[in-house]
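Structure, as structure tokens:
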Amino acid sequence: MEYIRRLIDDQLDRKSESFGAIHIVGPKGSGKTRTAKERCKTVIEFQDEEKRAGYLAVAQTSPNLFLNNEKPILFDEWQDAPKIWGTIRKACDDAPEDTGRYYLTGSTSQKVNTPHTGTGRITELQLYPLTLWETKESNGTVSLTQLFENPEYNSDGKLSTLRLEDLFFAVCRGGWPRCIALQSKEAKLEIAKDYYRQICNKDVQALDGTNRNPQWVRTLLWSYARNMATLAKKKKIYADVQANHSVSDITLASYVEALEKLYVIKDIDAWTPQIRSRTAIRASKKHIFVDPSIGLAALGIGPDYFMNDLDLFGHVFENLVIRDLLAYAEAHDARVMHYSDDTGLEADAIYQLADGRYALIEIKTGEHAVPAAEKGLLKFRELIRNHNEEVTKNPEHPGVKYREPDLMIVICANAVMSYTTENGVKVIPIGCLKD
């Protein structure tokens, strides 16, 4: 199958000029090994059953022998041979001028006991599943980066041909590269279902050798899926599991940690500037799946289900958009957060660049919801403006000035054209968006 250039490839190009080794992490099946193979002349795969025993024997006794091969060298699933880490770290120390010579990949963030961290020698990047831009379901006519960087950039009038039914299928299929090689839609939908089964029955056990109950994992993922892209308290999620299983909060917390280490679920941090001294900012994290297809597999839902449940699709679509924003952020040294306070003011996502510029983003299924979303974004900006005016008028004001949003955006599932409202809010169909 022809290689699909990934968003992270540009970041890998830059990192390979600065570091001796690059550690690519992310969920199983997201394309880490294939992405690294495109850059390497030697590939050491520790899960290759025909060579595994020999590789592990060398890794245990004389790991330096691997470094005699033609470079760059890829060590796939290197956690199976933890001495490799220290060997590569020392090689980077011995030849600091030799950059981009080693790649490591792994499907878990499980920390392996190593004498050294690799700081300054081994950098880390996360690979997310394919975005809609990478699968070409988005035509990429509106660039989020260009909206920030180019004042003359005109994003208006770009057309999207992506239908709501197409998105129903996309969220269930997921962004798994394996799907690209398959022809039938039915076959593509099987990939996420299989990942879900593997997570419950094998991956949580293989992570660290701990014996975990697959049924508890399934129920936990089911509850996370029911609360996808919400600020539900962990107690509420745990209660779903405890309604049918006798299991403690502490045990369930360890299961959540395992699923996070496997890059299955992820919590989005709250953006918390103290812009209201008397308003409690809800610092709860937003729960998402690294790919919404896993959550939908847990629920047993297919594309046709959403014909009669657009409310659920709204949460799933938000998860899909945040997944893509996270991939864009990884490629551009940005962050993705959310905001919510006890007055009901919120932003579904905040995309913040390293220099402090940021976009307030609302994520909506229907174009009919754009006016309300715009109203909320404008209220948010007005709140910041009022706060800054108070700070400016009163030098003894205890607060600090906060930057106004550089962009206000509504990302819409079924909008057919991008446009800018009279108040400067950008309305972007998901079928037009790219990094």
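Annotation for segment 126-139: no member residue is surrounded by 13 or more Cβ atoms within 10 Å (Cβ to Cβ), in contact with a Ser or Thr (Cβ under 7 Å, 6 or more places away or on another chain), at pLDDT 95 or above and assigned to a helix (DSSP H, G or I). When the criteria are applied in full, ARG385 fails the requirement of being touching a helix residue (DSSP H, G or I) at 6+ places or on another chain (Cβ under 8 Å) and open to solvent by 40 Å² or more (accessible area, probe 1.4 Å). Among the candidates THR114, THR108, THR119, the residue that is in contact with a Lys or Arg (Cβ under 7 Å, 6 or more places away or on another chain), in a loop (DSSP other than H, G, I, E, B), at pLDDT below 95 and open to solvent by 10 Å² or more (accessible area, probe 1.4 Å) is uniquely THR108. ASN201 fulfils the conditions (1) surrounded by 16 or more Cβ atoms within 10 Å (Cβ to Cβ); (2) touching a helix residue (DSSP H, G or I) at 6+ places or on another chain (Cβ under 6 Å); (3) in a helix (DSSP H, G or I); (4) not small (Gly, Ala, Ser) except for a single criterion, (1). Is it the case that some residue within segment 290-313 is at negative phi and touching a His at 6+ places or on another chain (Cβ under 7 Å)? Looking through segment 290-313, none of the residues is at negative phi and touching a His at 6+ places or on another chain (Cβ under 7 Å). Residues in segment 282-317 that are of a type in the set (Asp, Glu) and open to solvent by 20 Å² or more (accessible area, probe 1.4 Å): ASP304, ASP309, ASP311. In segment 382-395, the condition of being farther than 18 Å from GLU346 by Cβ and in a loop (DSSP other than H, G, I, E, B) is met by at least one residue. Determine if segment 399-416 includes at least one residue that is closer than 24 Å to VAL171 by Cβ, assigned to a loop (DSSP other than H, G, I, E, B), in contact with a Pro (Cβ under 9 Å, 6 or more places away or on another chain) and open to solvent by 10 Å² or more (accessible area, probe 1.4 Å). The answer is yes, given that some residue of segment 399-416 is closer than 24 Å to VAL171 by Cβ, assigned to a loop (DSSP other than H, G, I, E, B), in contact with a Pro (Cβ under 9 Å, 6 or more places away or on another chain) and open to solvent by 10 Å² or more (accessible area, probe 1.4 Å). Being aliphatic (A, V, I, L, M) and in a helix (DSSP H, G or I) is the filter; apply it to segment 290-313 and report the residue that is farthest from VAL256 (Cα to Cα). Among those that are aliphatic (A, V, I, L, M) and in a helix (DSSP H, G or I), it is MET307.
Among the residues making up segment 212-267, those that are among the hydroxyl-bearing types (Ser, Thr, Tyr) and not in a helix (DSSP H, G or I) are THR230, SER246, SER248, TYR263. Restricted to segment 8-33, and to residues there that are of a type outside the set (Phe, Trp, Tyr), in a loop (DSSP other than H, G, I, E, B) and over 24 Å from LYS261 (Cα atoms), the residue that is most open to solvent (accessible area, probe 1.4 Å) is GLU17. Selection of segment 367-378 for residues being open to solvent by 10 Å² or more (accessible area, probe 1.4 Å) and closer than 25 Å to GLN146 by Cα yields GLU367, PRO371, GLU374, LYS375, GLY376, LEU378. The residue that is farthest from TYR102 (Cα to Cα), counting only those in segment 61-77 that are surrounded by 11 or more Cβ atoms within 10 Å (Cβ to Cβ) and either at pLDDT below 95 or not hydrophobic (A, V, I, L, M, F, W, C) (or both), is SER62. Checking each residue in segment 320-349 for being in contact with a His (Cβ under 9 Å, 6 or more places away or on another chain) and crowded, with 22+ Cβ neighbours inside 10 Å picks out ILE322, ALA347, ASP348, ALA349.
If ARG5 satisfies every condition in (1) closer than 23 Å to ASP333 by Cα; (2) surrounded by 12 or more Cβ atoms within 10 Å (Cβ to Cβ) but one, which is the exception? Answer for ARG5: the failing condition is (2).
Within segment 270-281, restricting attention to residues that are at pLDDT below 85 and either among the small types (Gly, Ala, Ser) or out of contact with any strand residue (DSSP E or B) (no Cβ under 6 Å at 6 or more places or on another chain) (or both), the residue that is most open to solvent (accessible area, probe 1.4 Å) is ARG278.
Taken together, ASP98, ASP94, ASP80 contain a single residue that is open to solvent by 30 Å² or more (accessible area, probe 1.4 Å), closer than 26 Å to TYR128 by Cα and not small (Gly, Ala, Ser), which is ASP80. Among the residues of segment 34-47, the one identified as open to solvent by less than 50 Å² (accessible area, probe 1.4 Å) and modelled with pLDDT under 95 is PHE46. Close contacts from segment 153-170, counting a first residue that is free of Cβ contacts under 8 Å to residues at least 60 places away in the same chain and part of a loop (DSSP other than H, G, I, E, B) and a second that is of a type outside the set (Gly, Ala, Ser) and open to solvent by less than 40 Å² (accessible area, probe 1.4 Å), with Cβ to Cβ under 7 Å and a gap of 6+ residues or different chains, come to TYR153/LEU147.
The values are calculated or read from the model by the stated rules, or taken from the named source; none is laboratory data. Please read these numbers as outputs of a predicted model, since none were measured by experiment. All Cβ positions, glycine included, derive from the backbone under ideal geometry; neighbour counts span all protein chains shown. Heads up: the accessible areas ignore ligands, DNA and RNA and are worked out on the full protein's heavy atoms, side chains in. Shrake-Rupley method; radii C 1.70, N 1.55, O 1.52, S 1.80 Å.
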